[in-house]
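Heads up, the thing below is written out as structure tokens.
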Amino acid sequence: MKDLAQLALDVASSSGAEYADIRIITHRRQGISTEDHRVSQLTDSEDTGFGVRVLVNGAWGFAGSGNVTADEIKRVALKAVEIAKASRRALIKPVRLVPEPARVASFRTPYQIDPFEVDVDRKVGLLLEINRRLLSHAGIKKAVGHMTLRKDQKLFANTEGSVLESEVVTTGVEYRAWAIGNNDAKSRGYCPPPRTMGYENINEEDLLANTDRVAQQAIEHLHARECPEGRRDLILDPLNLALTIHESVGHATELDRALGMEESLAGRSFATPDLLNRLQYGSEIVNFVADNTLPHGLATHGFDDDGVEGQRWYIVKDGVFVGYGTSREVAGEIGLQRSTGTCRADHWGSIPIVRIPNLSLMPGKEPLTLEELISDTKDGVYIEGMGSFSIDQMRCNFQFGGDAFWEIKNGKITGMLKNVIYQSITTEFWNSCDAICDERFWVPNGVLNCGKGDPMQISQMTHGAAPARFRNIKVGSAR
Amino acid sequence: MMRSDEAKSILTKAISFSKADHCEAFLYASSEGSTRIANNAITQNVAKDDMGLSVRVAFGNRVGSASTNKFTDEALRAVVERAEQLARLAQPDTEYLPPPEPTEYRQSVCYFEATAETSPEQRADAVCKAISMASKANVRLAGSFATYGSFYAVANSNGLFAHTSETSARMVVTAMTDDSSGWAEAWSRDVKQIDPESTTQRAIEKALAARNPRELEPGPYTAVLEPAAVAEMLAFVCWALDAKAAHEGRSAFSGKEGQRIAAESVTLRSSPTDPLCPTSTFFGDGMPVPDVAWIDRGVLSNLSYSRFWAQKTGHPFTGQPVNIIMDGTDASVEELVSGVEKGVLVTRFWYIRHVDPMRLLLTGMTRDGLYWIEGGKVQYPLKNLRFNESAIDMLAQVEAIGKPSLTGDYIPALVPPIVVRDFSFSSKTLF
């Protein structure tokens, strides 16, 4: 494989490329879905191919193919150069990559059990047993489960001399129960954190131990009260926060967006470079740390697809906006000497783009439990899990829901609510954060299906958080 | 692009390796190119050629699937064995049906050689024209020009073989000033129908007309929705049509089959042979795509029936919508605006998501051109707004319909601009 990689680099260089890289990747996927007592989908795929990226006079070209042979690699490398030459026709400023030391290295997700070596009947049996237990509750009319297993084996090489090999394994499972009646249907799900781990991340005992709670909460959800409209305090659990962080901080601090490069689809960002080190993004207790070295993080891949090694840095420090996720292409635009290393592609046939890193809200520094936080809240709503989510193309106005909602009155949970949404403006929201539980309650949840780019790419990243409180937020019933 | 006899040979060979009761094999090949611009420059320029094969086998009703992108005899044998291994270990799928029998298909014209053969230079020609126009108009431009060609074939152990080739070309353009943006798109299966100049001109005019936007308090307003905005909402209607979910009480359409749910002027249908919006005439498994009216003059006339649910309920098979066709009139957007005393004109929406699927209550933002209408004329631009609105209520509140045009973000759509009364805008944003 390394010979084939070198062939691509040689062909590109001799055809005029001042920089070239190649990724040769095998993507292995297994997906198992269950619906009630049946397996609704059981798929297993293996997909091998390569992508060649070149810079010719500062203009990008990229081409990929699923046919990994010497002849095809030559053809595709030449095609990438041809495309780059077409790109030169509309080039205002040549692309200049910030430096990154060349290295020969390898990275492998630390895992104990290869998920593809585990018998399929064990995985199917687990999901069907979960459904059976959910459906054993009289009020549950529908149960679904899904297991996601991924393995990506990659060889990256570039004309600067880097040769990087990696194997990243990802595992995750989730399930959901539906209660149906009174012309309504409400659900409750359970989704332990997906991680870059082996099958040991699928904790069968824990998954089964939660079925009764999930079923009972789905039934209670169906019969819950509507949420009164008004401004109230919100307490969000780590899983709900994961999506809020993702949308209102993660995407907003991708430097390519901030520079206008994603305008044609995903949009731009209010967090422009002139606001760096000046914008009060959140209250003083709010710290967002990007960490692509986080053990078992979904974006912990050793290196990104620029060949930059994983790093840890602040995006928001003590409430102040201080950093971006970058690629080698855009890092120089704000004077960085080195990329933060968040340039990734989702497939051998996709061009690497700036992606959200593992990005987490740091836990509070003072001891604080969820129970203490609730007991300190007079009039609020406590939300668990992910639900409806929408945000504008500048990442300002957002509206989120959740998976389960409880009313808080005078420091006590008084009962479940339904159809709850909260709406705010990003900086107003994070500046209203006045309490974050401590590190004992920090959970590294994550996102397996982040869409970005044109053509669209799907990526994964971890967003850890501990429960946190937000004061005086517009909360209402979805109607 | 692959020839049908080559595909048949590969698929037949894969099926011959199977020892299962049923075997279906699916082959796709695609070639795509995309040139992307931002800040008046090409920022991304990519091409990808891909090919893959999937196999689905069944022992009784124990089913397994596997896929590969290698095509040697050894690889084909291995992928079939992998699918069979999964099927043997699988629990019975009580909704499994044997593969379809061979049948005849209607013809639709979805493939244009010129689109499939579009070169990076040709895409660069188009975007350079757009950039040049933007520079003259003193606006910043972002967008993309993408061309796509695909081949798909299916065969099964009952002797069915079907194949189709499709192309598409799409240009999207966002023009920006310091405080405004305007958007336009062109979509066609034939790249020759894409006019970069007129598309760019529309985006530039939208952006220039959106400068100095004013704030509007959220609330219910009469809204003129341009076709892109309509298609985005209708995609959610189409995804909610599943009959099984409705019959199980899990859908906004539960209990509404055969009932009036929309204004009488609303007819929503799918047809793979529509000359303006053609799609494949068969589904992935080889089942023919029928013409279906989902909403007929305001009445929910059909839900979407899978093969299993159709057989279980005795309803004709419909499959899922393959395109969105909403009947219209000859009225232009300007003519629709002329009939509105007070309201807003929406270019398109962004980031639409479910809020309450049981009512098809959706939320989303306006984007790239929102304007205030008064006295039948566009008066001034507005800052963007968030909406919380049921797609079903929207169809019930349709007051006027214009001339359909093609738009192609989610699935091919031929939809008109519409006028909706009391469209619910719920919050403001900063721009």
Checked region B:66-88 for anything surrounded by 22 or more Cβ atoms within 10 Å (Cβ to Cβ) and in a helix (DSSP H, G or I); matches are B:Leu76, B:Val79, B:Val80, B:Ala83, B:Glu84, B:Leu86, B:Ala87
Quick check: anything in region A:231-243 touching a residue at least 12 places away in the same chain (Cβ under 8 Å), within 14 Å of another protein chain (Cβ to nearest Cβ), in contact with a strand residue (DSSP E or B) (Cβ under 9 Å, 6 or more places away or on another chain) and under 26 Å from A:Leu359 (Cβ atoms)? yes
Kindly list the number of the only condition in (1) under 27 Å from the mean Cα position of the chain (by Cα); (2) over 22 Å from A:Met456 (Cα atoms); (3) modelled with pLDDT under 95 that fails for A:Asp274. (3)
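Somewhere in region B:269-286, is a residue within 30 Å of B:Ser108 (Cα to Cα), among the aromatic types (Phe, Trp, Tyr) and in contact (Cβ under 8 Å) with a residue 12 or more places away in the chain? Working first, answer last.
At the first step, the residues of region B:269-286 found to be within 30 Å of B:Ser108 (Cα to Cα) are B:269-286.
Now drop any that are not among the aromatic types (Phe, Trp, Tyr), which leaves B:282-283.
Those still in the list that are in contact (Cβ under 8 Å) with a residue 12 or more places away in the chain too: B:282-283.
Among the residues of region B:269-286, at least one is within 30 Å of B:Ser108 (Cα to Cα), among the aromatic types (Phe, Trp, Tyr) and in contact (Cβ under 8 Å) with a residue 12 or more places away in the chain, which makes the answer yes.
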Could we say that B:Arg421 is surrounded by 21 or more Cβ atoms within 10 Å (Cβ to Cβ) and in contact (Cβ under 8 Å) with a residue 40 or more places away in the chain here? no
Within region B:390-403, is there a residue that is within 14 Å of another protein chain (Cβ to nearest Cβ), part of a strand (DSSP E or B) and either in contact (Cβ under 8 Å) with a residue 60 or more places away in the chain or surrounded by fewer than 22 Cβ atoms within 10 Å (Cβ to Cβ) (or both)? yes
For the condition at pLDDT 95 or above, of a type in the set (A, V, I, L, M) and surrounded by 22 or more Cβ atoms within 10 Å (Cβ to Cβ), what is the one hit in B:Ala146, B:Ala155? B:Ala155
Note: among A:Glu220, A:Glu262, A:Glu204, A:Glu200, just one is touching a helix residue (DSSP H, G or I) at 6+ places or on another chain (Cβ under 8 Å), touching a residue at least 24 places away in the same chain (Cβ under 8 Å), away from chain B (no Cβ under 14 Å) and acidic (Asp, Glu), namely A:Glu204
Please go through region B:345-354 and pick out each residue that is buried (at least 23 other Cβ atoms within 10 Å of the Cβ), of a type outside the set (S, T, N, Q) and farther than 16 Å from B:Leu395 by Cβ. B:Leu345, B:Arg348
So for region B:118-137 (the condition being touching a residue at least 12 places away in the same chain (Cβ under 8 Å) and away from every other protein chain (no Cβ under 14 Å)), does at least one residue qualify? yes
Of those in region B:10-27 that are hydrophobic (A, V, I, L, M, F, W, C) and surrounded by fewer than 21 Cβ atoms within 10 Å (Cβ to Cβ), the residue farthest from the other protein chains (Cβ to nearest Cβ) is B:Phe17
Restricting attention to region A:322-350, report how many residues are crowded, with 24+ Cβ neighbours inside 10 Å and not in a helix (DSSP H, G or I). 12
Matching residues, region B:56-69, being within 24 Å of B:Glu32 (Cβ to Cβ) and either more than 8 Å from every other protein chain (Cβ to nearest Cβ) or in contact with a helix residue (DSSP H, G or I) (Cβ under 8 Å, 6 or more places away or on another chain) (or both): B:Ser67, B:Thr68
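Looking at A:Ala138, A:Ala179 in this structure, which one is more than 22 Å from A:Pro295 (Cα to Cα), out of contact with any Gly (no Cβ under 8 Å at 6 or more places or on another chain) and either among the polar types (S, T, N, Q) or not in a helix (DSSP H, G or I) (or both)?
On the way: A:Ala179 fails: out of contact with any Gly (no Cβ under 8 Å at 6 or more places or on another chain).
Going through A:Ala138, A:Ala179 in turn, just one is more than 22 Å from A:Pro295 (Cα to Cα), out of contact with any Gly (no Cβ under 8 Å at 6 or more places or on another chain) and either among the polar types (S, T, N, Q) or not in a helix (DSSP H, G or I) (or both): A:Ala138.
Within region A:28-36, does at least one residue satisfy the condition of being under 30 Å from A:Ile334 (Cβ atoms), in contact (Cβ under 8 Å) with a residue 40 or more places away in the chain and either outside any strand (DSSP E or B) or of a type in the set (Ser, Thr, Tyr) (or both)? Step through it out loud before you land on a result.
At the first step, the residues of region A:28-36 found to be under 30 Å from A:Ile334 (Cβ atoms) are none.
Scanning region A:28-36 turns up no residue that is under 30 Å from A:Ile334 (Cβ atoms), in contact (Cβ under 8 Å) with a residue 40 or more places away in the chain and either outside any strand (DSSP E or B) or of a type in the set (Ser, Thr, Tyr) (or both).
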How many residues, within region B:196-240, are assigned to a loop (DSSP other than H, G, I, E, B) and surrounded by 24 or more Cβ atoms within 10 Å (Cβ to Cβ)? 2
Contact list please: Cβ distance under 7 Å, first residue in region B:100-117 and more than 16 Å from B:Met1 (Cα to Cα), second residue at pLDDT 95 or above and of a type in the set (A, V, I, L, M, F, W, C), pairs at least six apart or on different chains. B:Pro100/B:Leu160; B:Pro100/B:Met287; B:Glu101/B:Leu160; B:Pro102/B:Leu160; B:Tyr105/B:Ala162; B:Tyr105/B:Phe282
Using the structure shown, decide if A:Ala143 is surrounded by 21 or more Cβ atoms within 10 Å (Cβ to Cβ), at pLDDT 95 or above, within 14 Å of another protein chain (Cβ to nearest Cβ) and in contact with a strand residue (DSSP E or B) (Cβ under 6 Å, 6 or more places away or on another chain). yes
Being among the hydroxyl-bearing types (Ser, Thr, Tyr), closer than 15 Å to B:Asn69 by Cα and either in contact (Cβ under 8 Å) with a residue 60 or more places away in the chain or more than 13 Å from chain B (Cβ to nearest Cβ) (or both) narrows A:Thr43, A:Thr48 down to just A:Thr48
Can you find, within region B:409-431, the residue that is nearest to the chain's Cα centre (by Cα) among those that are aliphatic (A, V, I, L, M) and more than 14 Å from chain A (Cβ to nearest Cβ)? B:Ile411
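Of all residues being hydrophobic (A, V, I, L, M, F, W, C) and more than 14 Å from chain B (Cβ to nearest Cβ) in region A:112-140, which is surrounded by the most Cβ atoms within 10 Å (Cβ to Cβ)? Just the residue, please. Write out each step before concluding.
First, pick out the residues of region A:112-140 that are hydrophobic (A, V, I, L, M, F, W, C): A:113, A:116, A:118, A:120, A:124, A:126-128, A:130, A:134-135, A:138, A:140.
Narrowing further to those that are more than 14 Å from chain B (Cβ to nearest Cβ): A:113, A:134, A:138.
Values: A:Ile113: 15, A:Leu134: 25, A:Ala138: 9.
Applying the filter and picking the extreme gives A:Leu134.
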Identify all residues within region B:42-60 that are hydrophobic (A, V, I, L, M, F, W, C) and closer than 22 Å to A:Gly51 by Cβ; write none if there are none. B:Ile42, B:Val46, B:Ala47, B:Met51, B:Leu53
Restricting region A:304-320 to residues that are surrounded by fewer than 24 Cβ atoms within 10 Å (Cβ to Cβ) and outside any loop (DSSP other than H, G, I, E, B), the one nearest to the other protein chains (Cβ to nearest Cβ) turns out to be A:Val320
Can you tell me which of B:Ser30, B:Ser34 is within 14 Å of chain A (Cβ to nearest Cβ), in a strand (DSSP E or B) and buried (at least 20 other Cβ atoms within 10 Å of the Cβ)? B:Ser34
Within region A:162-217, considering residues that are among the aliphatic types (A, V, I, L, M) and over 17 Å from A:Leu127 (Cβ atoms), the one farthest from the chain's Cα centre (by Cα): A:Ile180
Report the residue count in region A:51-105 for those that are within 11 Å of chain B (Cβ to nearest Cβ), in a helix (DSSP H, G or I) and within 22 Å of A:Glu165 (Cα to Cα). 2
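Filtering region A:255-298 down to residues that are in a loop (DSSP other than H, G, I, E, B) and among the basic types (Lys, Arg), which residue is nearest to B:Gly143 (Cα to Cα)? Break it down stepwise before answering.
In the first step, residues of region A:255-298 are kept if they are in a loop (DSSP other than H, G, I, E, B); the result is A:259-272, A:276-279, A:281-287, A:292-298.
Those left that are additionally among the basic types (Lys, Arg): A:268, A:278.
Values: A:Arg268: 13, A:Arg278: 31 Å.
Looking at residues that are in a loop (DSSP other than H, G, I, E, B) and among the basic types (Lys, Arg), I get A:Arg268.
The values are calculated or read from the model by the stated rules, or taken from the named source; none is laboratory data. What you see is a predicted model, and the numbers here were worked out from it, not measured in a lab. Reconstructed Cβ throughout: ideal geometry from the backbone, glycine too, with neighbour counts over all protein chains shown.
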